[in-house]
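A short write-up of the structure that comes next.
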Amino acid sequence: MPFTNIGIECGQMASELEPGEEIDCFGSTGPKSYFYSIRKNTEEPEIKVKIKGLSLTKQILKDCFKTDNGMDYLIDFLRKNYTENGEINDPILVPQSQMRPLNTSQVVVREFDKSFGNEYYKRRIVNDFKTLPWGYCAS
């Protein structure tokens, strides 16, 4: 059922899609961290990636998330990292840079890597009162 409360007024949801676009595939690693592919008519799908706390460039998406080959790498990453104990098996290291001003009117640029992985820590109760992370899918 499509959302009917989409608009620009306060309290309404905003749509990231243009008219005629449909989401072909969707995945999420936590709040405000998701990716999806958009298909418009018969064109090749376009991949959108939004991750809380990371500055993403086309080069980072291509090198770290391998989006030039479609969404297979991201889907495999989700499947591999949703374990019963909620631990991140192999996080993706994403290069970032930070610019800081000094009191001497100079700017220092600091290069570092941020770790990206599963952010879902809430769990659901299953049989025999065991718990699993939300989104866990047994292979």
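A short reminder: the numbers here are calculations on the coordinates, not readings from a lab. What you see is a predicted model; the values in this text were computed from it and never measured. Backbone-built Cβ (ideal geometry, glycine too); neighbour counts: all protein chains shown.
Numbers below:
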quantity	calculated
In Hz, Karplus ³J(HN,Hα) per residue of the range 53-69 (6.51, -1.76, 1.60; θ = phi - 60°; x = Gly, Pro)	x, 10, 8, 10, 10, 4, 5, 5, 4, 6, 6, 8, 9, 6, 6, 5, 9
Extension reserve of the Val126-Lys62 stretch, reckoned as 0.36 nm per residue once the Cα distance is removed	19.3 nm
Inter-probe distance in nm under a simple model that places probes 7 Å from Cα toward Cβ, at Lys40 and Glu9	2.8
Per-pair calculated FRET efficiency, R0 = 22 Å: Phe112 and Tyr73 via Cβ, rounded to 0.05	0.45
Which listed pairs, of Lys40/Lys66; Lys80/Lys114; Lys48/Lys130, have C-alpha distances above 27 Å, in listed order	Lys48/Lys130
Ile38, Ile6, Ile51 arranged by Cβ crowding within 10 Å, fewest neighbours leading	Ile6, Ile38, Ile51
